[in-house]
Amino acid sequence: MQLAAIVAVVFIAKGAIAEPFYVPSGSMEPTLLIGDALLASKYPYGYGAASLPIQITLPETGRLFGETPKRGDVVVFRWPGDRSQAWVKRVVGLPGDRIQLRQGQLFINDHAATLKPDGVDQAEDDRGNTERAYRFVETLPNGVSHAIFKMRDNGRLDNTPEVTVPPGKLFVLGDNRDNSADSRVLVRDGGVGLLPIDNLIGRADAVVGSWDLGMRSQPVWTWLSGFRLARFFTSVR
């Protein structure tokens, strides 16, 4: 009976409060690293079919409680191309916003997000290799700042047509701008397209653990050195 009660509490908590997720790609570097374990809070955006802890058939539209995400929020969501997959990106455009990238710079309603150089680092490129990347601090027009990576000028996604975000949708980007299939890429081409708000699972609030997946190719006795202890229990910004 006690075990059943514990299982019920865990199940309810997972469904209503928060849920863990793992970062499988480098599309959100440098904010999130491959091998990070995220905790996504579900209550900020309310509850819908996408945020349930199990996959059951329910109407995909409509949410209970919660608010619309804010620009700059890092969100976990069901990929529109396959709702069994959970992806993570950053919200930059809300319903009614006009979004465009011009030579790699983000514009929201014709207001430019500022970019401040912040050194050089290494990032995952679109082939899964490591490449030198320029780090910038991007500040959105609403004052939210976060780090992004740029590996090259005039990348294939650096210039986009202006898009007006329709009702019920969001425009999301990866922080690793040259290696992210996000709202700049249509779903049929492997991207997110304009993300339905109903696909949201929750807000990525914390990294609760992190392990360098590259250690899997090393001897087992060295695996402990792969834990990135400095990232444990850190907030996502």
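Every read-out reported here was derived from the displayed coordinates using simple, explicitly stated rules and does not represent laboratory data. This one's a predicted model, so the numbers in the text were calculated from it and none came from an experiment. So basically every Cβ, Gly included, is an ideal-geometry build from the backbone, and we count neighbours across all protein chains shown.
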Residue order, fewest to most surrounding Cβ atoms within 10 angstrom, among 223, 211: 223, 211
Linear extension gain, residue 217 paired with residue 109, 0.36 nm per residue minus alpha-carbon span: 34.2 nm
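What list do you get for 38, 224 if you sort them by fewest beta carbons within 10 Å?
Ordered from fewest to most neighbouring Cβ atoms within 10 Å, 38, 224 come out as 224, 38.
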Residue 230-residue 139 FRET efficiency (beta carbon distance; Förster radius 30 Å; 0.05 resolution): 0.75
Alpha carbon convex hull of the stretch 142-213, projected area averaged over orientations, nm²: 7.2 nm²
Phi to ³J(HN,Hα) by Karplus 6.51 cos²θ - 1.76 cosθ + 1.60 over the stretch 29-36, Hz, x for Gly, Pro: 5, x, 5, 10, 10, 4, x, 5
Tail beyond 27 Å, pair distance distribution of the stretch 96-237 (Cα, percent): 30 percent
Proxy reagent accessibility, fewest Cβ within 10 Å first, across 118, 125: 118, 125
Whole-Å distance, taken between Cα centres, linking the stretch 136-199 and the stretch 74-127: 3 Å
